[in-house]
1. Report, by residue number, each residue of the range 62-109 that is at pLDDT below 90, assigned to a loop (DSSP other than H, G, I, E, B) and closer than 17 Å to Leu158 by Cα.
2. Going through the range 194-209 one residue at a time, which ones are assigned to a loop (DSSP other than H, G, I, E, B), at pLDDT 95 or above and of a type in the set (A, V, I, L, M)?
3. Which condition number does Leu165 fail, the rest of (1) outside any helix (DSSP H, G or I); (2) under 15 Å from Val60 (Cα atoms); (3) under 12 Å from the mean Cα position of the chain (by Cα) being met?
4. Does any residue of the range 183-193 turn out to be at pLDDT 95 or above and in contact with a Phe, Trp or Tyr (Cβ under 6 Å, 6 or more places away or on another chain)?
5. If you scan the range 59-76, which residues turn out to be within 16 Å of the chain's Cα centre (by Cα) and not β-branched (Val, Ile, Thr)?
6. Within the set of pairs 6 or more residues apart or between chains, which connect a residue that is closer than 13 Å to Phe97 by Cα and β-branched (Val, Ile, Thr) inside the range 47-58 to a residue that is surrounded by 12 or more Cβ atoms within 10 Å (Cβ to Cβ) and modelled with pLDDT of 95 or more with Cβ atoms less than 7 Å apart?
Amino acid sequence: MQDDLKEDDKLEHADEKILKLLQEMETLENPKTIHAESIRIGVENYVFEPVFFFNERLSVHLPSQFTDMDEQSRKAKYPYEERPEIIKANADGSIAFTLKYVDENLSDPWVDELTNGMKGMVKRANPANVFYTTEVEEINGKRIGFFDFKSSALDGYLYTIMFFLALDGQAVIGSFTCPYSLYADWREIAYQMLQSIRVYEEAEEEVQA
């Protein structure tokens, strides 16, 4: 009887491995894009659409299901006073996209230095963090720096991407965060969200004759 149960367990694990392999092959053959009409991420279907911030000076494609996090949840998830002014999240707040306009001078040539400096600060704050990619790219004509890492939390591990850019000579700091258990589902999607960022130059006022 025990041998039969062990054999059933082996078959179940084998089926899980085969299913995972098939899912990975499907992803490679049909890569997901946030510009599709609808895409499945994990167990949910998402529709991405451009959302505008800072008086329509910056836009980024976000899931239509992401809404402004309520004040109570903001204080619980970001207990420090300098919490992001913009927090868009899914229904339970476990997946979030944030933006914060910082009163610190920044121009495109200095984005590299800010990115490396912030990474060093995060490292010093928690040496146990596991860092992956650090890059500075030209995205839609704008220099954007970012790095991603795994960190520990009270209820498990988190996956975070932090990114940095200049807007009107000031720094904008943003982030994408999700449970590390969803890392495989969201990492590529989160990078596509960064690739969708656009900054719109302020229109010059016409001089009246």
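1. Answer for the range 62-109, where residues must be at pLDDT below 90, assigned to a loop (DSSP other than H, G, I, E, B) and closer than 17 Å to Leu158 by Cα: Tyr78, Pro79.
2. Ile197
3. (3)
4. Within the range 183-193, one or more residues are at pLDDT 95 or above and in contact with a Phe, Trp or Tyr (Cβ under 6 Å, 6 or more places away or on another chain).
5. Across the range 59-76, the qualifying residues are Ser59, His61, Leu62, Pro63, Ser64, Gln65, Phe66, Asp68, Met69.
6. Matching pairs, first to second residue: Val51/Ser59; Val51/Val60; Val51/Leu62.
The values are calculated or read from the model by the stated rules, or taken from the named source; none is laboratory data. From a predicted model like this one, the values you see are computed outputs, not experimental measurements. Cβ: placed from backbone, ideal geometry, glycine included. Neighbour counts: every protein chain shown.
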